[in-house]
Amino acid sequence: MDINELMKKAQQMQSDMAAAQQRAAQAEVTGEAGAGLVKVTMTGRHDVKKVTIDPALLQEEVELLEDLLAAAVNDAVRRVEKLQQSQLGELAAGVQMPPGFKFPFGG
């Protein structure tokens, strides 16, 4: 494989990576807590888009609601990270490099 072909592959990989990151940023996931009593919808950029609280929780202590809200946000963050790892992992799995090639150009 010559250097020009290698550079083209690197540019394609960079382009594919940017597209995957954009898709991940636009994706939305929903984290839950309390068996779905609290739900938090978050984008891949970790922006909270929506919070849903079951009205039954409004009769509970504030501390319980705060704990469930924090747990739902944390669940959403973990789901975003899992989604991003999955998408970037799929991208990396499709990359064919020559035998002995070390990325990023080091040993």
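The values are calculated or read from the model by the stated rules, or taken from the named source; none is laboratory data. As the structure is a computational prediction, the values presented were derived from the model and not from experiment. Reconstructed Cβ throughout: ideal geometry from the backbone, glycine too, with neighbour counts over all protein chains shown.
Odds and ends about this structure:
- Scanning the range 39-63 for residues that are over 13 Å from Ala76 (Cα atoms) and of a type outside the set (Val, Ile, Thr) yields a count of 9.
Every residue, every condition in (1) exposed (fewer than 11 other Cβ atoms within 10 Å of the Cβ); (2) at pLDDT 85 or above; (3) in contact with a helix residue (DSSP H, G or I) (Cβ under 6 Å, 6 or more places away or on another chain), yes or no:
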site	(1), (2), (3)
Ala18	yes, no, no
Ala33	no, yes, yes
Val38	no, yes, yes
Gly44	no, yes, yes
Leu57	no, yes, yes
Leu65	no, yes, yes
Ala71	no, yes, no
Ala93	yes, no, no
Pro98	yes, no, no
